[in-house]
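Scroll down for the structure; my scribbles are underneath it.
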Amino acid sequence: MYFNPKSNMKSSLLYLFLLISFSSSAQSAREYLQTAVHAYGPWQSVQTFSYGLEGYRIAVAQGKTYKSGEKQHYFNTKTFDYSSNKAFEQNTNIFPGGWVFKFANMAIDTTFYSWDIDQNRGGKILNKGGAAQAKQIYNFRNNQIPYYRVQEINETTDSLVLLPKEGALTRIQRFPATGNPIVYTFDTTNKLISVDAPASKQRLVFSDYVSVNGFTNSATVTLFIDDALATEEKIKNWNYNFTPAQNQFNIPEGYTQTVRGAISVSEIAKDVFLIDNIGGDRNVLFVNMDEYIVVIEAPLSSETSKDILKRIKETIPGKPVKYVFATHFHSDHTGGLRQYAFEDAILLMAENTTAYVNDLLGGQQKDDFGKSGKKADIQTFRNMLELKDKNHHIIFYEVPNTHADGMALAYFPKEKIIYQGDLLSVPLDGSLPYSVNVIQEMQDFIQKNKITYNRMVGHHGLNNITPEMVKQILNNKKEVKY
């Protein structure tokens, strides 16, 4: 490494100059923030506080169609009781195909609890965590309530610099001990924050300020990533200094804390193997064909696929993985495809799945595939594709549905087994979810094509779903209210 003492001296002098400048201007930044905190009204007197929000997130690889700009709808309600150090939030998320998931998160002092309100995704499993997760609930308000955001900046021990004004805007730059500098923009006239813009190319924008009974709050909070809209939230129904219902902070009856099982490999039919508990509750199949191996689904990441491939090779040594099948394009189902491409497996999928997969493969990731310079081999089909040898038969069916374009399932006619991705998810504890559009669409397809099965393996949750369970679920109708 070449060392230039003159250059190093110049750098040191520049650093010293900046440090002196920061020190001389820090007091001015603090003074400005102290007045800005009071611009929001008497929030320092708040002991209890609640609000609701209606939001949209842009679905890049989670919507019905890849890169359609579809917006996923969600609703949140939050209650904070600082007098007893408790916080509660309910998150309602809506996904294509009729899926509505309602989760509760609660913090009591430094203990975190989470559960699935309708038992549709997590069943009656109670998740319990520690101080770090509890703190996230208390601090999440900072991203939606500008007063608490400004208060946090004012109380930080990081270096703060009051930058030159830009027209009617006042800017303060923050230098965290770790990470990139952050610039906060305020309206000079009313001292209300408008933009929180770290150097990570994320911008949090507070707008549409309203005042009620002396309290001022932003009614719209928008997040931009790389200048593209990521989320937009409308804050409403905010209330303060009330007596919260104490039963709101009770864990519901019937929920039990369950330890997630370790990843394991088991043979569920001759030459058909199940790997379960991947990432907590995901399932992958692989098939020992006569001359090669077929893997069904490639979730999450290259690292996940490395682990799965290691287990496959330990179970069936010396036989190549020739195919990996992806049920649909959603990123949590395709995130591991790059590792299979590195292993020279053929990526098998319905034609409408390739748009996202091609972008995924073209991404500049520092994984084995990215370092290798290899090109992926993709094989697509429409409607149906069969893989057969002397002893094995797999049929891949494309299923018309409202959850994801190109959704397909794998059927083993000899073993009477179906593997499907997001057409039906049953929680690990066997709690039966209520029926939604995409479940009925799957059932209609199965009946139309006269597919008979004894066992259905879901990618998420339970891996032994019976026809009787599906029948009960389809009869479990429910009017969804957000």
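Descriptive notes on the structure:
- Residue count, segment 277-336 (criterion: polar (S, T, N, Q), in a loop (DSSP other than H, G, I, E, B) and buried (at least 21 other Cβ atoms within 10 Å of the Cβ)): 1
- Test: residue in segment 386-402 that is in contact with a helix residue (DSSP H, G or I) (Cβ under 7 Å, 6 or more places away or on another chain), among the acidic types (Asp, Glu) and in contact (Cβ under 8 Å) with a residue 60 or more places away in the chain: no
Residues are listed down the side, and each one gets a yes or a no for (1) free of Cβ contacts under 8 Å to residues at least 12 places away in the same chain; (2) surrounded by fewer than 19 Cβ atoms within 10 Å (Cβ to Cβ); (3) within 30 Å of residue 97 (Cα to Cα); (4) in the same structural domain as residue 287 (by TED's automatic domain parsing):
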{"residue": "346", "(1), (2), (3), (4)": "no, yes, yes, yes"}
{"residue": "351", "(1), (2), (3), (4)": "no, yes, yes, yes"}
{"residue": "356", "(1), (2), (3), (4)": "no, no, yes, yes"}
{"residue": "365", "(1), (2), (3), (4)": "no, yes, no, yes"}
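- Complete set of residues in segment 397-427 that are crowded, with 22+ Cβ neighbours inside 10 Å, more than 11 Å from residue 328 (Cβ to Cβ) and aliphatic (A, V, I, L, M): 410, 418, 424, 426
- Taking the numbered list (1) farther than 28 Å from residue 64 by Cα; (2) more than 18 Å from the chain's Cα centre (by Cα) in turn, residue 118 passes all entries but (1).
- The residue that is surrounded by the fewest Cβ atoms within 10 Å (Cβ to Cβ), among those in segment 169-178 that are of a type in the set (S, T, N, Q) and either part of a strand (DSSP E or B) or more than 27 Å from the chain's Cα centre (by Cα) (or both), is 173.
- Conditions (1) among the aliphatic types (A, V, I, L, M); (2) free of Cβ contacts under 8 Å to residues at least 24 places away in the same chain; (3) closer than 30 Å to residue 477 by Cβ: number failed by residue 132: (3)
- Residue, surrounded by the most Cβ atoms within 10 Å (Cβ to Cβ), within segment 179-223, restricted to residues that are in a strand (DSSP E or B) and small (Gly, Ala, Ser): 218
- Residue within segment 278-295 that is closer than 24 Å to residue 457 by Cβ, basic (Lys, Arg) and free of Cβ contacts under 8 Å to residues at least 60 places away in the same chain present: no
- Residue match in segment 40-51 (condition: surrounded by fewer than 16 Cβ atoms within 10 Å (Cβ to Cβ), in contact with a Leu (Cβ under 9 Å, 6 or more places away or on another chain) and in the same structural domain as residue 185 (by TED's automatic domain parsing)): no
- Exclusive hit being in contact with a strand residue (DSSP E or B) (Cβ under 9 Å, 6 or more places away or on another chain), at pLDDT 95 or above and under 18 Å from residue 418 (Cβ atoms), set 291, 267, 314: 267
- When we screen 397, 453 for residues that are among the hydroxyl-bearing types (Ser, Thr, Tyr), within 24 Å of residue 353 (Cβ to Cβ), touching a Phe, Trp or Tyr at 6+ places or on another chain (Cβ under 9 Å) and part of a loop (DSSP other than H, G, I, E, B), the only hit is 453.
- All conditions in (1) surrounded by 15 or more Cβ atoms within 10 Å (Cβ to Cβ); (2) over 30 Å from residue 409 (Cβ atoms); (3) out of contact with any strand residue (DSSP E or B) (no Cβ under 9 Å at 6 or more places or on another chain); (4) not aromatic (Phe, Trp, Tyr) hold for residue 231, with the sole exception of (3).
- Scanning segment 54-88 for residues that are surrounded by 19 or more Cβ atoms within 10 Å (Cβ to Cβ) and more than 18 Å from the chain's Cα centre (by Cα) returns 78, 79, 80, 81, 86, 87, 88.
Yes/no matrix, rows are residues, columns are (1) in the same structural domain as residue 195 (by TED's automatic domain parsing); (2) basic (Lys, Arg):
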site: 224; (1), (2): yes, no
site: 231; (1), (2): yes, no
site: 236; (1), (2): yes, yes
site: 242; (1), (2): yes, no
site: 273; (1), (2): no, no
site: 278; (1), (2): no, no
site: 316; (1), (2): no, no
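- Within segment 367-383, restricting attention to residues that are touching a residue at least 40 places away in the same chain (Cβ under 8 Å) and in a helix (DSSP H, G or I), the residue that is farthest from residue 406 (Cα to Cα) is 368.
The values are calculated or read from the model by the stated rules, or taken from the named source; none is laboratory data. Computed from a predicted structure; not experimentally measured. When we count neighbours, we look across all protein chains shown, and the Cβ atoms used for this are built from the backbone with ideal geometry, even at glycine.
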